[in-house]
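The values are calculated or read from the model by the stated rules, or taken from the named source; none is laboratory data. Everything quoted here is computed from the prediction, not taken from an experiment. For neighbour counting, all protein chains shown are included, and Cβ atoms are generated from backbone atoms with ideal geometry for every residue, glycine included.
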Amino acid sequence: MRVRVSIIGASGYGGGELVRILAGHPEVEIVHLAADSHAGQPMDVLFPNLKAFTERMTESPDIPRIASDSDVVFLALPNGLAMDLAPPILESGARVIDLGADFRFKKAEVYERWYKTPHRSLHYLEEAVYGLPELNRAAIRGARLVANPGCYPTAALIALLPILRHPAASRRGIIVDAKSGVSGAGRGISLGTHFSEVNENVKPYNVAAHRHTPEIIQELESALGEPVSLTFTPHLIPMTRGILVTAYIPLREDVTGEDLTGAYEEAYAGEPFVRVLSEELPQTKATLGSNFCDVAVRVDRDAGMAIAMAALDNLVKGASGQAVQNMNLMLGFPEDLGLRWPGLYP
């Protein structure tokens, strides 16, 4: 019998990607597509790429009905909503994967500081597992509630973890420069993502104030067991999809790029969705539409710096593809089931 899956927030980019991916998953039956502001519309009208893959209509989010009908519920919603919806779904016996930020932080006060709202589900905040498989695979397998990572943190953590575990690397003075396509801002209309504002333009935003900063630091400190000092600056670039992270890590001792590449190859050996590049460098086009994250590392010996790079599709490995990867782990499926395909090129 197929796993019964529902999506709340199906009309956004994350929800549309979930449907695109799950429509080809051999063990999944999609039973509810809830979209409050777009209820009653054909999914293949909201997302024309889904024509011939789903004939389902969107519906209003009837939480008790969705919870009772589903084995897994994906919450693809704006921040601040999942903390109220997840508890009744979990209490019904279904599992929850939240694509927003509501369950990503270990401490409520950190969430409240950065998201400017009280956390109303403290019990489940403690239970939630941070859903980066490359870091928390064993815990994800036993989880009822998974907090899907943010897109920037996914790329930054995959880029940084192997180098920061190396004895040559400093844990202080780290700089993370990141660039994202416009779809990372969601499907809502805003001046900042208007075509005329974004086209032929690159701009930083939320400098020294981006909400993904504490998420990156939390997971690095948890993995390393010591404090980390990090500056994160995101930039909006004029393309639809993709994230490129370039991180600069001060070195405490001399090390070669070949040595560090070997550390990355060892760290990610057997990982189904991390590709360590030795000769090439990561580029967003190589991961477009796929669940892969490409990483590479180089050393600037004159400056005493390591440069770690990662590229991924912000809507797939940075959101919905990783959510399906987490679902596979939670349900005991092969981790890459329904997810293993190359990116689109050119």
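Given the residues ILE140, ILE89, which is the only one that is outside the structural domain of ARG20 (by TED's automatic domain parsing), surrounded by 15 or more Cβ atoms within 10 Å (Cβ to Cβ) and either assigned to a helix (DSSP H, G or I) or modelled with pLDDT under 95 (or both)?
Answer to the selection: ILE140.
Are any residues in segment 64-77 in contact (Cβ under 8 Å) with a residue 40 or more places away in the chain and out of contact with any Lys or Arg (no Cβ under 8 Å at 6 or more places or on another chain), and if so, which ones?
Going residue by residue through segment 64-77, those that are in contact (Cβ under 8 Å) with a residue 40 or more places away in the chain are 66, 69-77.
Within segment 64-77, ILE66, PHE74, LEU75, ALA76, LEU77 meet the criteria.
Okay, residues lined up against (1) modelled with pLDDT of 95 or more; (2) under 18 Å from LYS317 (Cα atoms); (3) assigned by TED's automatic domain parsing to the domain that holds ARG301:
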residue: PHE103; (1), (2), (3): yes, no, no
residue: LYS116; (1), (2), (3): yes, no, no
residue: ILE158; (1), (2), (3): yes, yes, yes
residue: PRO162; (1), (2), (3): yes, no, yes
residue: HIS166; (1), (2), (3): yes, no, yes
residue: ASP177; (1), (2), (3): yes, no, yes
residue: GLY181; (1), (2), (3): yes, yes, yes
residue: TYR205; (1), (2), (3): yes, no, yes
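Is it the case that segment 184-201 has a residue that's of a type in the set (A, V, I, L, M), touching a residue at least 24 places away in the same chain (Cβ under 8 Å), under 27 Å from MET305 (Cα atoms) and touching a strand residue (DSSP E or B) at 6+ places or on another chain (Cβ under 8 Å)?
Residues of segment 184-201 that are of a type in the set (A, V, I, L, M), as a first pass: 185, 189, 191, 198.
If we keep only those that are touching a residue at least 24 places away in the same chain (Cβ under 8 Å) too, we end up with 185, 198.
Still in the list and also under 27 Å from MET305 (Cα atoms): none.
No.
Kindly provide the set of residues from segment 152-161 that are buried (at least 24 other Cβ atoms within 10 Å of the Cβ) and either more than 21 Å from VAL72 (Cβ to Cβ) or touching a Phe, Trp or Tyr at 6+ places or on another chain (Cβ under 6 Å) (or both), ordered by number.
Correct list: TYR152, PRO153, ALA155, ALA156, LEU157, ILE158, ALA159, LEU160.
Tell me which residues, restricted to segment 28-62, are among the hydrophobic types (A, V, I, L, M, F, W, C), assigned to a helix (DSSP H, G or I) and surrounded by 16 or more Cβ atoms within 10 Å (Cβ to Cβ). Walk me through how you get there before you give the answer.
Narrowing segment 28-62 to residues among the hydrophobic types (A, V, I, L, M, F, W, C): 28, 30-31, 33-35, 39, 43, 45-47, 50, 52-53, 57.
Narrowing further to those that are assigned to a helix (DSSP H, G or I): 43, 45-46, 50.
Passing the criteria: MET43, LEU46, LEU50.
Looking at segment 236-254, which of the residues that are closer than 13 Å to THR284 by Cα and without any contact (Cβ under 8 Å) to a residue 60 or more places away in the chain is farthest from the chain's Cα centre (by Cα)?
Among those residues, the one meeting the criterion is PRO238.
What about GLY24, is it outside any loop (DSSP other than H, G, I, E, B), closer than 26 Å to ASP336 by Cβ and of a type outside the set (A, V, I, L, M)?
It is false that GLY24 is outside any loop (DSSP other than H, G, I, E, B), closer than 26 Å to ASP336 by Cβ and of a type outside the set (A, V, I, L, M).
I'd like to know if segment 95-104 contains one or more residues that are touching a helix residue (DSSP H, G or I) at 6+ places or on another chain (Cβ under 7 Å), β-branched (Val, Ile, Thr) and part of a loop (DSSP other than H, G, I, E, B).
No, segment 95-104 contains no residue that is touching a helix residue (DSSP H, G or I) at 6+ places or on another chain (Cβ under 7 Å), β-branched (Val, Ile, Thr) and part of a loop (DSSP other than H, G, I, E, B).
Take the residues of segment 149-183 that are polar (S, T, N, Q) and assigned to a helix (DSSP H, G or I): which is farthest from the chain's Cα centre (by Cα)? Spell out the reasoning first.
Filtering segment 149-183 down to residues polar (S, T, N, Q) leaves 154, 170, 180, 183.
In the following step, the residues that additionally are assigned to a helix (DSSP H, G or I) were identified as 154, 183.
Details: THR154: 5, SER183: 13 Å.
For segment 149-183, the residue satisfying everything is SER183.
Which condition number in (1) at pLDDT below 95; (2) more than 24 Å from THR117 (Cβ to Cβ) is the one that GLU200 fails?
Result: GLU200 passes all but (1).
Looking only at segment 1-16, filter to residues that are in a loop (DSSP other than H, G, I, E, B) and either at pLDDT below 95 or of a type in the set (S, T, N, Q) (or both); which one of those is surrounded by the fewest Cβ atoms within 10 Å (Cβ to Cβ)?
As a first pass, look at segment 1-16 and keep what is in a loop (DSSP other than H, G, I, E, B): 1-2, 9-12.
Next cut, either at pLDDT below 95 or of a type in the set (S, T, N, Q) (or both) only: 1, 11.
On the way: MET1: 6, SER11: 22.
Selected residue: MET1.
Out of (1) within 21 Å of the chain's Cα centre (by Cα); (2) buried (at least 16 other Cβ atoms within 10 Å of the Cβ); (3) at pLDDT 95 or above, the odd one out for THR193 is which?
THR193 satisfies all of (1) within 21 Å of the chain's Cα centre (by Cα); (2) buried (at least 16 other Cβ atoms within 10 Å of the Cβ); (3) at pLDDT 95 or above except (3).
For HIS119, state whether it is farther than 27 Å from VAL3 by Cα, touching a residue at least 60 places away in the same chain (Cβ under 8 Å) and in a loop (DSSP other than H, G, I, E, B).
Answer is no for this residue.
Kindly establish whether GLU126 is farther than 25 Å from ILE249 by Cβ, in a helix (DSSP H, G or I) and charged (D, E, K, R).
When the stated conditions are applied, GLU126 passes them.
Would you be able to tell me the number of residues in segment 17-27 that are of a type outside the set (A, V, I, L, M, F, W, C) and surrounded by fewer than 19 Cβ atoms within 10 Å (Cβ to Cβ)?
Qualifying residue count for the region: 3.
Restricting the first residue to segment 22-33 and requiring it to be free of Cβ contacts under 8 Å to residues at least 24 places away in the same chain and polar (S, T, N, Q), which pairs with a second residue that is surrounded by 19 or more Cβ atoms within 10 Å (Cβ to Cβ) and in a loop (DSSP other than H, G, I, E, B) meet a Cβ separation below 6 Å and a spacing of at least six or different chains?
none
So the check is Cβ under 6 Å with 6+ separation or different chains; which pairs have a first residue in segment 1-15 that's in contact (Cβ under 8 Å) with a residue 12 or more places away in the chain and a second one that's among the acidic types (Asp, Glu) and outside any strand (DSSP E or B)?
ARG2/GLU27; VAL3/GLU27; VAL3/ASP71; ARG4/ASP71
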